[in-house]
Amino acid sequence: MRTNVKNPLLVGVGVVAALLGVLFTFQGLGYIKGSGMTDSNFWAIVGPLIFIAGVYVAVVGARGPRPRA
């Protein structure tokens, strides 16, 4: 079975980054205890940014780069 994914490595890296962004967000908000990141405003802000970047990388990996006009 063939897929239309242009770069599976980018998709994998993007998914892992997005999952880490979710983890960091929940740690920063205090929902996941047990690390120095718990209840840290820095990780509550940076986590969603990492998530967004991960989703972007995964989408670019799935679609491929946009053709230049």
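Couple of notes before you dig in:
- P(r) weight above 19 Å for the chain, C-alpha pairs, percent: 43 percent
- Computed over protein heavy atoms with a 1.4 Å probe, the carbon and sulfur contribution to the accessible area of the chain reaches 68%.
- The chain: relative contact order in percent, alpha carbon pairs under 8 Å with at least 6 residues between: 45 percent
- Among the trypsin sites (Lys or Arg not before Pro) in the chain, those located in a DSSP loop and surrounded by at most 13 other Cβ atoms within 10 Å of their own Cβ are ARG2, LYS6, LYS33, ARG68.
- In the chain, the DSSP-assigned H stretches of four residues or longer account for a calculated mean residue ellipticity at 222 nm of -23000 deg cm²/dmol, using -39500 (n - 2.57) per stretch and the full residue count as denominator.
- Normalised per residue, the accessible area of the chain is 77 Å², obtained with a 1.4 Å probe and no contribution from ligands, DNA or RNA.
- Net charge, VAL59 excluded, C-beta distance under 12 Å - Lys, Arg +1, Asp, Glu -1: +3
- Paramagnetic reach from LEU49 (point 7 Å along Cα→Cβ, amide N under 18 Å) across the stretch 12-40: 17-29, 37-40
The values are calculated or read from the model by the stated rules, or taken from the named source; none is laboratory data. All of these numbers come straight from a predicted model, not from anything done at the bench. Cβ coordinates were reconstructed from backbone atoms using ideal geometry, including for glycine residues, and neighbour counts include every protein chain displayed. Heavy atoms of the whole protein, side chains included, go into the accessibility calculation; ligands, DNA and RNA do not. Shrake-Rupley method; radii C 1.70, N 1.55, O 1.52, S 1.80 Å.
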